[in-house]
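Accompanying notes for the structure given below.
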Amino acid sequence: MNKESFFRLNFWDNVKGILIVLVVLGHLLERLPMGNTLAGYKLIYLFHMPLFVFCSGYLASSSTDKIVKKILIPYVICQFIYCIFSMQVIQATTPVWILWYLLALCFWRLTTPLLDKIGAWWRIPTILISIIISCLFGFDDSVGYFVSFSRIIVFYPYFMTGFFAKKYDREKSQTDFLKRFRRKSVRITAGILFAALCIVFILVSPEINSEWLYGSFSYNNGQYNIFFRAFHYVMAVCAGIPILVLVPRRKTFFTAWGKNSLVIYLTHIAAVGIMELVFRNIQMHTLIGYALCIAVSMLFCALVTYIMKLFKSKKVSNR
């Protein structure tokens, strides 16, 4: 592996490492009393899943074998387990909780052969058309949790953008489409812009219902409108680009978290269950709850990564 490819792999693992911590943190904050009304919670949901979907698009493979082994089979197994533990009727069409992402990812990856045929001049128009379709589908009250159809449509533009970014890199024979933006002056500017965006969003967050950021509800069912959905696309992009510019390309302590992001994603229900019991039985100040959620999120990611490392080492030693 050449130096550029090595940096590229570290970079995407770093991005996923940061995002998977935010995924766990967001779900832990939900367990705090009125946690989904907190400004920090809404800020996380503003950009973390759009950026995660973008990464999935950039790293997407159209291999049917990989789709079945790495996405569909884990989905079926986890859907069965989650239904049993939550005492729900076992079903395959409506994913339980976080499993919507696996089902959506399966659909998105199946479209990559079609996306691969779209020429350079048609990519931005295609993304814009997908955003318009998503905004229009918000008027249909029948589009919701069934087969994660609403989220598949709402988040698809991010996946498409990530896939086209990868095609751009390949066509230009490069490994980093953001390379020109990694100058120190640009990174400082990106940091200032991201901080300003966070401040502005936190100030307006009391007027925003967190459910509007999920991509799960029609305008009527979620009591919002097409303008907010369009606004969310703009804000997610404005937050996502500075993060991509600021994330280091070298190996960091959270690089391994990104490599194990799928395992962390599928198992963090354990951390959520524990924290739900803690917050239900112990009263604490919101700031202490925040700090505890952050600490548990990072510790859980580190623990799962450590267990996976031990498992892989044992597997190698047994060969």
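The values are calculated or read from the model by the stated rules, or taken from the named source; none is laboratory data. Keep in mind it's a predicted model, so treat the numbers as computed, not measured. Here Cβ is always computed from backbone atoms with ideal geometry, including for glycine, and neighbour counts include all displayed protein chains. SASA here: full protein model, heavy atoms, side chains in, ligands and nucleic acids out. Shrake-Rupley method; radii C 1.70, N 1.55, O 1.52, S 1.80 Å.
Filtering the range 110-130 to residues that are open to solvent by less than 40 Å² (accessible area, probe 1.4 Å) and part of a helix (DSSP H, G or I) leaves 112, 115, 123, 126, 127, 130.
Which of the residues that make up the range 152-181 are out of contact with any Leu (no Cβ under 9 Å at 6 or more places or on another chain), among the basic types (Lys, Arg) and either crowded, with 16+ Cβ neighbours inside 10 Å or under 24 Å from residue 122 (Cβ atoms) (or both)? Once the filter is applied, which keeps residues that are out of contact with any Leu (no Cβ under 9 Å at 6 or more places or on another chain), among the basic types (Lys, Arg) and either crowded, with 16+ Cβ neighbours inside 10 Å or under 24 Å from residue 122 (Cβ atoms) (or both), the range 152-181 yields 170, 172, 180. Among the residues of the range 26-54, those that are over 19 Å from residue 212 (Cα atoms) and surrounded by fewer than 23 Cβ atoms within 10 Å (Cβ to Cβ) comprise 32, 33. When you check residue 189 against the structure, is it hydroxyl-bearing (Ser, Thr, Tyr), open to solvent by 40 Å² or more (accessible area, probe 1.4 Å) and within 20 Å of the chain's Cα centre (by Cα), yes or no? No: the conditions fail for residue 189. Can you find a residue in the range 167-188 that is free of Cβ contacts under 8 Å to residues at least 40 places away in the same chain and aliphatic (A, V, I, L, M)? Yes - at least one qualifying residue is present in the range 167-188. Which one is nearest to residue 27 (Cα to Cα) among residues in the range 172-200 that are of a type in the set (S, T, N, Q) and outside any helix (DSSP H, G or I)? Out of the qualifying residues, it is 175. Taking the conditions (1) surrounded by 12 or more Cβ atoms within 10 Å (Cβ to Cβ); (2) modelled with pLDDT under 80 in turn, residue 84 satisfies each one other than (1). Taking the conditions exactly as written (polar (S, T, N, Q) and surrounded by 18 or more Cβ atoms within 10 Å (Cβ to Cβ)), does residue 142 satisfy them or not? It is false that residue 142 is polar (S, T, N, Q) and surrounded by 18 or more Cβ atoms within 10 Å (Cβ to Cβ).
Kindly indicate whether residue 222 is touching a residue at least 24 places away in the same chain (Cβ under 8 Å) and of a type outside the set (A, V, I, L, M, F, W, C).
Values: touching a residue at least 24 places away in the same chain (Cβ under 8 Å): no; of a type outside the set (A, V, I, L, M, F, W, C): yes.
Answer is no for this residue.
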